[in-house]
Amino acid sequence: MEPVRLRELAGRSDRRCLNTATLGYREPVAVTAQRAAAAGFGWITPWRREIDEGRPARDAEAIRAAGLRVRSYCRTSYLAHDSEAARRQAIDDNRRALEAAAALGARELVAVVGGLADGSRDIDGSRAQILRGLEALMPAIETTGVKIALEPLHPFYAADRSLLNTIAQAQAWCETLDREGRYFGIAVDAYHVWWDPLLAPAIAGAGPRVRAFHVSDWLRHTQEPLLDRGMMGDGVVDLKRLRAMVEATGFDGPVEVEIFSRDRWWKEDPDVVLRTCRERLETVC
Ligand code: ZN
């Protein structure tokens, strides 16, 4: 292969990140990292379940040895609960996640903030608990140097997974908690926000708060919204348009593939999945 082409390829791997959920957590993170590197990804975002948080240095080394850098770390535990003890426990757990993220060299911990407190109908009260929980993590963000990227989830998940549902809401929370942008940013996940009629102005308004861009696709006839995400290009989302909106904010990080697909892609050979992701990143993202 001619040197120019090689340089081009090397450059582009920097714009590709694999979120390990895409392979269904079937193998140790060291193996996933090797496969991702071979498929042309330069970054990886692992999940807590794959990392030995007692000894994160070992996993960090395995990822480095594969030639990858850790982009983000997934994810926080939910912050609204029916008791003070449970809320405190969630904060402690998220503090440990920030520490592990720092040991891995991740730039941010992705926050899925949680839905309504158990047994509650108090949506405002639950949101207030979440904000207090995030605020309580600010000292740990300061110490670890790892920011938190707030990820709005599709409103389908408001009850059980996230009362943060739009980019505009994430931006408002960031402004409330952290006017100067030292602690919190935003993760834009195409799957969760594509439907929002106010998406373009919201992303533009978020500006430098945008810290991550996740892609998959919303299948027109999805079987269920949690584990039936589509491969980029197989669904209804105009990913090129969305990417242009995100990059217009100045975001120059990698496009992160994150596909939860229990019955389709998690059953496919991991190398085939990665090859397909790589190809679709070139053609439809
Ligand atoms: Zn995501």
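Along the stretch 255-268 the Karplus relation, 6.51 cos²θ - 1.76 cosθ + 1.60 evaluated at θ = phi - 60°, assigns HN-Hα couplings of 8, 9, 7, 9, 10, 9, 8, 4, 9, 10, 6, 6, 9, 8 Hz to successive residues, with x for each Gly and Pro. If you take all other residues with their beta carbon under 12 Å from the beta carbon of Cys74, and give Lys and Arg +1 and Asp and Glu -1, the sum is -2.
Modelled label positions at Asp160 and Thr143, each set 7 Å beyond Cα in the direction of Cβ, lie 3.4 nm from each other. Each principal axis of the Cα atoms in the chain has its own extent, and those three values, largest first, are 59, 43, 38 angstrom.
Here's how it looks for Leu150: its modeled amide H is under 5 Å from those of Ala111, Gly185, Ile186, Ala187, which are all 5 or more places away or on a different chain.
Across the stretch 3-283, the mean sequence separation of Cα contacts (distance under 8 Å, 6 or more residues apart), normalised by length, yields a relative contact order of 18 percent. Charge tally for Asp52 (other residues, Cβ to Cβ under 11 Å; Lys, Arg +1; Asp, Glu -1): +1.
Axis angle, to the nearest 10 degrees, between helix 84-104 and the longest C-alpha principal axis of the chain: 30 degrees. Between 0 and 90 degrees, the angle of helix 29-38 with respect to the longest Cα principal axis of the chain falls at about 40 degrees.
Please find the FRET efficiency linking Val31 to Asp118, where r is the Cβ-Cβ separation and R0 is fixed at 41 Å, and quote it to the nearest 0.05. Here the calculated transfer efficiency is 0.65. Where only DSSP H runs of four or more residues are counted, the chain gives -12500 deg cm²/dmol as its mean residue ellipticity at 222 nm, each run worth -39500 (n - 2.57). Available extension along the chain between Arg49 and Ala65 is 3.7 nm, counting 0.36 nm per residue and deducting the alpha carbon span. In terms of its C-alpha gyration tensor, the stretch 44-189 comes out prolate, because a/c is 1.5 or above and the ratio a/b outweighs b/c. Each Lys or Arg adds one and each Asp or Glu subtracts one; over the other residues with Cβ under 12 Å from the Cβ of Arg243, this totals -1.
Per-residue Karplus couplings for the stretch 238-243, computed as 6.51 cos²θ - 1.76 cosθ + 1.60 with θ equal to phi - 60°, are listed in order as 7, 6, 5, 5, 5, 4 Hz, Gly and Pro entered as x.
Compared with the dominant Cα axis of the chain, that is its longest principal axis, helix 123-136 is turned about 70°.
Since every read-out is calculated from the coordinates, none of them should be taken as a lab result. Computed from a predicted structure; not experimentally measured. Every residue, glycine as well, gets a Cβ built from its backbone with ideal geometry; the counts of neighbours run over all protein chains shown.
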